[in-house]
Structures are given as C-alpha cells and as structure tokens.
Amino acid sequence: MSTNLAQQLREGTTKSHSMAENVSFVKSFLGGVVDKKSYRRLIANLFFVYTALEEEIEKNKTHFVVQSIYFPELNRTSSLKQDLEYYYGSNWAEQVCASSATKIYVDRIRNISSNQPELLIAHAYTRYMGDLSGGQILKRIAQTAMNLSSNDGTAFYNFQNIKDDKKFKMIYRHALDNVPIDQMQIEEIIAEANIAFNLNMKVFQELNSNFIKIMGMLLFSTITSLRKKII
C-alpha cells in the first residue's frame with residue numbers, strides 16, 4: 001500500500017526548503033558569486049556529513065525501513081574526496097576539519113542511526129534529492145564563477161552510476177512511497193527532514209559569515225590601495 005511519503009515529504013518541507021534557499025551564501029552562489037575559499041570549506045563540511053550519512057545507512061542497510069532506500073549509487077563520499085584533493089592537495093585530510101555546525105549535523109545523524117534508524121530516510125531525502133535535482137545547475141555556476149576547467153573541483157555533482165536522473169528520481173520516489181511505515185512514523189520522518197534542512201542552513205550560515213569577512217577584507221584592501229594612489 002502506497003504511503004505517498006514522497007509527496008508528503010515535499011509538501012511538509014516546503015517552508016524549510018525555501019528558508020534554506022534564502023540564506024545569503026546560497027543566494028550568492030545561485031547568483032554566480034562564489035568565493036573559492038568558502039566553497040572548499042563547504043566541500044569539506046559536506047564530506048563529513050556524507051561520510052556519517054553513508055556509514056550509518058550502510059550499517060543499517062538490513063533495517064526493514066532503511067533497506068527500502070538503500071541506493072549505494074547515490075554515495076558522494078568518494079566524489080567529495082576527489083574535490084578535496086583538487087582544492088587542498090594530496091594531504092587534504094590533514095587540513096580539513098568539521099565546522100561547529102557540521103559537527104552538530106554529524107552528531108544528529110549518528111544519534112538517530114543508533115536510536116531511530118528509520119529517520120535516516122529524512123536525511124537521505126534532504127541531501128540526495130537536492131543534489132540530483134539541482135546538481136548540474138550548481139555545477140555550471142561553480143565552473144563559471146571559479147573558472148574551473150572540465151570537471152575539476154566538481155566531482156561532487158557527477159553521479160557516474162546514475163545514467164538517467166529523471167528515471168532514477170522516479171524509482172527513488174516509488175521506493176519512498178512503499179516504505180513499510182504508518183502515519184505516525186511518516187510525521188516523524190517529515191519532522192526530521194525539517195530538522196535536516198535547518199542543520200544545512202546552519203552550515204550555510206557559517207559559510208556566509210566567512211564569506212562576508214573575506215569580502216570585507218577585499219573591500220578594505222581595495223579602498224586602501226585606492227587611497228594610496230590618491231595620496
């Protein structure tokens with residue numbers, strides 16, 4: 001029996017989705033203003049988030065709910081490693097660490113994995129469906145804004161094991177709609193998805209703070225340079 005979980009998730013997270021899109025860092029990114037230092041921090045943070053998510057889904061892949069949305073072809077960890085090597089070099093692992101907001105995000109994933117594994121669906125839905133839906137657009141923006149050649153630094157957006165995004169999303173939605181859960185569990189999953197959106201927002205807001213500092217420093221440097229020329 002279909003639960004229409006996919007539709008309920010979409011409708012139940014509309015407000016959170018809109019709020020996440022309106023965080024200044026995201027709006028700047030969508031507008032083509034991308035600072036490479038902030039972007040590579042984002043990639044580093046996402047690495048920690050996806051590592052946790054994919055480890056916990058793997059750990060719970062035989063769980064009667066989690067097994068319904070077990071799609072290893074979605075995994076992003078290896079792609080993020082490629083991007084981290086591009087931005088930080090071969091010793092990237094020694095240079096990156098999870099931000100404060102990212103640590104909270106990761107802790108949440110680890111915690112629900114131990115106590116309510118079915119809620120991992122909410123985090124998988126929030127991240128993977130967003131990546132699939134807007135990935136190619138974001139990839140083009142990043143390439144243009146940071147003058148990236150070929151696929152360097154954008155492996156995160158390449159789902160090499162998924163040949164047809166639209167077809168796969170239909171398969172994924174069908175899997176969501178056939179997860180063996182009741183309405184109470186559905187409401188818990190929707191609530192968790194809203195928490196996931198909020199956790200993503202916190203990560204973006206941290207980046208926005210760093211981005212503003214960088215832009216401020218650049219502006220100060222430019223003003224100082226102009227003042228010297230005038231004097």
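The values are calculated or read from the model by the stated rules, or taken from the named source; none is laboratory data. Being a predicted model, the structure only gives us computed values, none of them experimental. In this analysis, Cβ positions are derived from the backbone assuming ideal geometry, glycine residues included, and neighbour counts consider all displayed protein chains. All accessible areas refer to the heavy atoms of the entire protein, side chains included, with ligands and DNA or RNA removed. Shrake-Rupley method; radii C 1.70, N 1.55, O 1.52, S 1.80 Å.
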Taking only protein heavy atoms and a 1.4 Å probe, the highest-to-lowest accessible-area order of THR14, THR77 is THR14, THR77
Pairs over 27 Å Cα to Cα, from LYS36/LYS167; LYS166/LYS202; LYS139/LYS202; LYS27/LYS59; LYS61/LYS139, come to LYS36/LYS167; LYS166/LYS202; LYS27/LYS59; LYS61/LYS139
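Name the shape class, rounded, prolate or oblate, that the alpha-carbon gyration tensor gives for the range 1-59, where a ≥ b ≥ c are the square roots of its eigenvalues, rounded holds for a/c under 1.5, and otherwise prolate holds if a/b is larger than b/c and oblate otherwise.
Details: a/c = 3.95, a/b = 1.32, b/c = 2.99.
Note, shape of the range 1-59 comes out oblate.
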Out of LEU84, LEU42, SER149 - ranked by how far each Cα lies towards the positive end of the dipole of the chain, with unit charges on the beta-carbon of charged residues - the top one is SER149
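Which value does Rg/Rh take for the range 1-100 over its C-alpha atoms, Rh per Kirkwood? Don't skip to the answer; put the middle values down first.
Numbers: Rg = 16.8 Å, Rh = 16.1 Å.
Here Rg/Rh amounts to 1.04.
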If every Lys and Arg gets +1 and every Asp and Glu gets -1 at its Cβ, then about the Cα centre the range 1-42 yields a dipole, in debye to the nearest 20, of 280 debye
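Give the whole-number value, in cubic angstrom per residue, of the convex hull volume spanned by the C-alpha atoms of the range 22-180.
Values: hull volume 19.4 nm³, N = 159.
In the range 22-180, the Cα hull volume divided by residue count equals 122 Å³.
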To the nearest 20 debye, the range 85-190 has a Cα-centred charge dipole, built from +1 on Lys and Arg Cβ and -1 on Asp and Glu Cβ, of 320 debye
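Dividing the alpha-carbon Rg of the range 114-214 by 2.2 N^0.38 Å yields what?
Values: Rg = 16.7 Å, N = 101, 2.2 N^0.38 = 12.7 Å.
Here the answer is 1.31, to two decimals.
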Residue ranges of DSSP H helices in the chain that stretch 27 Å or more (Cα, own long axis) and have mean Kyte-Doolittle hydropathy of at least 0.0 are 183-230
For the chain, the accessible surface attributable to carbon and sulfur atoms (probe 1.4 angstrom, ligands and nucleic acids excluded) amounts in percent to 53 percent
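Give me the Å³ per residue figure for the convex hull around the C-alpha atoms of the range 145-186.
It comes to 131 Å³ per residue, whole-number rounded.
Using a 1.4 angstrom probe, figure out how much accessible area the chain has per residue, in square angstrom, rounded to the nearest whole.
Details: 12340 Å² over 231 residues.
Per-residue accessible area for the chain comes out at 53 Å².
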